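Structure first, commentary second.
The values are calculated or read from the model by the stated rules, or taken from the named source; none is laboratory data. The shown structure was predicted, so the numbers you read here are calculated from the model rather than taken from an experiment. Cβ placement follows ideal geometry from the backbone for every residue including glycine, while neighbour counts extend to all protein chains displayed. These accessible areas exclude ligands, DNA and RNA; they are computed on the full protein's heavy atoms, side chains included. Shrake-Rupley method; radii C 1.70, N 1.55, O 1.52, S 1.80 Å.
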Amino acid sequence: PNRLIPNNLQANIAVIAKKYPKAPRAKNVGLTWSTRLNSGSKPGTVVRTRAGATPVTFKTWARLRRYVRYIDGAVQRTANGQLIDTPNVIVQFCRSTVYRRDIDDAGNPAQWTHTIGSGSVVVFRNGRRFGGTWTRTAEKDGTVLRGPSGKQITLSPGGAWFVLTAKGTPLQ
């Protein structure tokens with residue numbers, strides 16, 4: 001409660017795991033992590049798209065080897081001043097439908113983003129861009145990312161930021 005959005009939704013899993021050693025083990029979320037780089041990439045140092053009407057921008061900081069989050073051209077930081085950054089940005093193109101049970105103060109309905117099914121995906125890691133597809137067959141299943149050859153797209157260890165965006169949304 002003492003942190004502003006979006007920093008009120010962060011947790012350090014390593015700290016939590018140490019505090020609760022008898023807690024159930026994490027379930028497979030479908031992602032594959034590796035320090036080895038995928039083949040078939042293009043340069044991908046900037047991610048610029050939208051999630052709904054919200055502009056989303058990440059830029060690679062080469063010295064950090066990570067993508068840093070920007071809003072309105074300003075670098076984003078946590079409440080204690082640390083950069084909001086990640087080694088992986090996954091732009092997942094999803095089917096989106098109107099959700100009339102959630103209406104804002106101006107009378108606009110929310111959008112429901114469907115993450116069960118399949119669609120296009122673009123993965124950014126190590127300053128590179130990898131195109132492919134995502135699949136998730138059921139709510140309890142993880143999301144699997146595959147390149148054009150069908151081989152799983154691996155993510156760089158250290159975290160990931162998923163940007164769920166509607167099919168057809170521009171991506172630079």
log10 of Debye I(q)/I(0), alpha-carbon scatterers only, for region 126-166 at 0.17, 0.30, 0.32 Å⁻¹:
-0.56, -1.30, -1.29
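If you roll a 1.4 angstrom probe over the protein chains with everything in place, what fraction of the accessible area of region 1-130 belongs to carbon and sulfur, to the nearest %? Don't skip to the answer; put the middle values down first.
Values: 4840 of 9230 Å².
Looking at region 1-130 in its full context, I get 52 percent from C and S.
Return a whole-number percent for the relative contact order of the chain, with Cα pairs under 8 Å and 6 or more residues apart as the contact set. Don't skip to the end; give the middle numbers.
On the way: 334 pairs, mean separation 46.6, N = 172.
Dividing the mean separation by the residue count of the chain yields 27 percent.
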Near residue 18, which lysines are there with a Cα under 19 Å away, not counting those fewer than 8 places off in the same chain?
27
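With the other protein chains left in place, how much accessible area per residue, in square angstrom, belongs to the chain at a 1.4 angstrom probe?
Working: 11610 Å² over 172 residues.
Each residue of the chain exposes 68 Å² on average to a 1.4 Å probe.
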Counting Lys and Arg as +1 and Asp and Glu as -1 over every other residue whose Cβ sits under 13 Å from the Cβ of residue 71, the net charge comes to +4
Report the charge-dipole magnitude of the chain in Debye, nearest 20, computed about the Cα centre from +1 at each Lys and Arg Cβ and -1 at each Asp and Glu Cβ.
700
Once Cα extents along the principal axes in Å is worked out from the coordinates, which option in (1) 48, 40, 39; (2) 55, 34, 33; (3) 57, 50, 28 does it equal?
(1)
